[in-house]
Amino acid sequence: MKAPDFSYEKPNSILGILSLLEKDELECQLLAGGQSLMPMMNFRMATPKTIVDISGVSELSLITETPKAIEIGAMVRYRELQDSDVIQKFCPLITMVIPHIAHPAIRNRGTIGGSIGLSDPAAELPAVLLALDGKVEVSSNKGIREEPANKFFKGVYETACSSNELITKIILPKAQPKQKFGFHEIARRHGDYAMAGVCIAQDQDLTVRVAFFGVAEKALRIASIEKVLSGNSIFSQSIIENAQSAVEDIQFEGDMNAGPEVKKHLAKVVLERALEGIK
């Protein structure tokens with residue numbers, strides 16, 4: 001399959017990107033790593049008139065440490081996240097997750113902004129952002145706003161980012177010394193889309209956040225599971241079983257890999273394994 005005809009723009013500034021996005025007649029689509037967009041265009045699932053390549057904007061490719069947070073530019077690639085000393089020190093959950101995202105060729109090109117902006121239900125990074133209680137910086141010609149992760153993801157390929165807005169940064173709080181993290185996913189083969197997965201963060205005060213992916217129409221946190229787990233320094237088998245019972249609160253969605261009932265079973269499995277391996 002071939003992509004339909006399109007125009008190509010490569011601005012060298014954020015303002016240049018935003019000025020193009022304001023022009024409705026261009027029907028723009030942003031090109032970051034292209035690992036999702038190009039296959040979608042080849043299969044005619046996406047038919048933009050204009051491709052706006054944002055890879056030439058250097059400020060979108062920075063990883064910046066602030067006193068309380070790590071700011072990750074939208075164009076930072078998976079491989080750069082994996083190799084970053086700052087990410088390894090202050091965002092260990094990302095370091096745990098990255099090796100499970102697709103394959104090396106994809107990780108060399110795919111970007112964090114592309115993953116967050118696409119909101120694929122089976123993608124790992126939206127769940128990471130939810131578990132870490134992060135924020136998404138969104139820019140437009142009207143200004144800059146920070147959208148909390150728990151309000152950003154709306155559904156399958158749907159976010160709170162409008163067509164004239166650009167994701168510029170992902171903002172994550174720095175990991176604290178006594179924080180713990182857990183992750184597990186199940187896929188048919190390593191690197192395939194997850195059939196079910198979960199990311200867990202336990203704060204110093206024993207508050208727990210649990211974010212599932214691959215089981216519903218979007219990555220999502222489950223308050224009832226978090227309530228069962230919070231306040232516990234050790235997750236006994238009885239606590240894990242109570243948390244597994246709360247999995248019933250998820251509105252499971254089937255896909256090409258499995259139906260809702262299988263997804264429910266897998267959600268319980270990944271939750272148990274992630275809790276057993278939390279560190």
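List of remarks:
- Listed by first and then second residue, the pairs linking a residue in segment 1-25 that is modelled with pLDDT under 90 to a residue that is in a loop (DSSP other than H, G, I, E, B) and exposed (fewer than 13 other Cβ atoms within 10 Å of the Cβ), with Cβ atoms under 7 Å apart and 6 or more places separating them unless they lie on different chains, are Met1/Phe43; Pro4/Arg44.
- Here is the figure for segment 141-166: residues that are assigned to a strand (DSSP E or B) and among the hydrophobic types (A, V, I, L, M, F, W, C) total 3.
- Filtered by the rule that a residue be in contact (Cβ under 8 Å) with a residue 40 or more places away in the chain and either buried (at least 20 other Cβ atoms within 10 Å of the Cβ) or of a type in the set (Gly, Ala, Ser) (or both), segment 52-70 gives Val52, Ile54, Ser55, Gly56, Val57, Leu60, Ala69, Ile70.
- Here is the figure for segment 116-160: residues that are among the hydroxyl-bearing types (Ser, Thr, Tyr) and farther than 18 Å from Glu59 by Cα total 3.
- When Pro4 is tested against (1) surrounded by fewer than 14 Cβ atoms within 10 Å (Cβ to Cβ); (2) within 15 Å of Ser163 (Cα to Cα), only condition (2) is not met.
- Of all residues in segment 33-75, those being of a type in the set (Gly, Ala, Ser) and within 16 Å of Glu137 (Cα to Cα) number 4.
- Of the criteria (1) of a type outside the set (Lys, Arg); (2) crowded, with 21+ Cβ neighbours inside 10 Å; (3) at pLDDT below 95, which one Thr168 fails: (3)
- Hits in segment 248-258 (condition: among the acidic types (Asp, Glu) and either in contact (Cβ under 8 Å) with a residue 40 or more places away in the chain or in a loop (DSSP other than H, G, I, E, B) (or both)): Glu253, Asp255
- When segment 188-229 is limited to residues that are at pLDDT below 95 and in contact with a helix residue (DSSP H, G or I) (Cβ under 9 Å, 6 or more places away or on another chain), the one that is surrounded by the most Cβ atoms within 10 Å (Cβ to Cβ) turns out to be Ala194.
- Flag for Lys169 being in a strand (DSSP E or B), in contact (Cβ under 8 Å) with a residue 12 or more places away in the chain and out of contact with any strand residue (DSSP E or B) (no Cβ under 9 Å at 6 or more places or on another chain): no
- Selection status of Ile94, at pLDDT below 95, of a type outside the set (Ser, Thr, Tyr), out of contact with any Asp or Glu (no Cβ under 8 Å at 6 or more places or on another chain) and assigned to a helix (DSSP H, G or I): no
The values are calculated or read from the model by the stated rules, or taken from the named source; none is laboratory data. As the structure is a computational prediction, the values presented were derived from the model and not from experiment. As a convention, Cβ positions derive from the backbone with ideal geometry for all residues, glycine included, and neighbour counts pool all protein chains shown.
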